[in-house]
Amino acid sequence: MDQYFSEWLLNAFQNLLFSLPMYTAYFTAMIIALVLWKRHPRISLYVLLSNLFSLFLDVISIFIRTWITNQLFLKDSVVTHDNFLTISKIITLTMQTFYLVPFTLLLMAAFSNRKPLQK
C-alpha cells in the first residue's frame, strides 16, 4: 500500500468518525423501523430504505470529498484551486439531488396510509 493511499484512507476514516452521531441516528431509525415492521410494514419499509440510502450517500460523499481534497494537495497535482471549487460545487449539487430520494421516502412514510378526518 503506497503512502498516498494510506493517508487518504486514514483521512476518510477520520471524517467518518466526525459523522458518527448522524450514523447513530440512522441506525436507531432503522432499528425502530424493523421493530415496528409487523404493525406498519409500508411505513417501516420507507423509513428503512430512506435511512439506508442516506447512510450510503453520506459514506460515498465522505470518500469522494476526501479523495478530491487529497488530490488538491499532491505536489504534482493537476487539480487547481479553481478546479477544486468547481468539482466541489458539482459534487454538492449531485449529492443534494440524490438526497431527494431518501427525503421523498420519508415524506411517503409520514403521509402514506392516512385516513381522512371524520367530520
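The values are calculated or read from the model by the stated rules, or taken from the named source; none is laboratory data. A quick note: this is a predicted structure, and the numbers were derived from the prediction, not measured. Cβ atoms come from the backbone with ideal geometry, glycine included; neighbour counts cover every protein chain shown.
Could you grab the pairs with beta carbons closer than 6 Å, sequence gap of 6+ or different chains, first residue in the range 25-36 and touching a residue at least 24 places away in the same chain (Cβ under 8 Å), second one surrounded by 14 or more Cβ atoms within 10 Å (Cβ to Cβ)?
Matching pairs, first to second residue: TYR26/ASN51; TYR26/LEU55.
Being closer than 19 Å to ALA12 by Cα and modelled with pLDDT of 80 or more is the filter here; which residues of the range 65-102 pass it?
ARG65, THR66, TRP67, ILE87, SER88, ILE91, THR92, MET95
From the list LEU10, LEU36, LEU20, exactly one residue is at pLDDT below 95, under 17 Å from GLN71 (Cα atoms) and exposed (fewer than 15 other Cβ atoms within 10 Å of the Cβ). Which is it?
LEU10
Report, by residue number, each residue of the range 93-102 that is in a helix (DSSP H, G or I) and farther than 12 Å from VAL47 by Cβ. Talk me through it step by step, then tell me what you get.
Of the range 93-102, the ones in a helix (DSSP H, G or I) are 93-98, 100-102.
Within the range 93-102, LEU93, THR94, MET95, GLN96, THR97, PHE98, LEU100, VAL101 qualify.
Looking at the range 39-47, can you tell me whether even one residue there is surrounded by 12 or more Cβ atoms within 10 Å (Cβ to Cβ), within 13 Å of the chain's Cα centre (by Cα) and touching a residue at least 24 places away in the same chain (Cβ under 8 Å)?
No - not one qualifying residue is present in the range 39-47.
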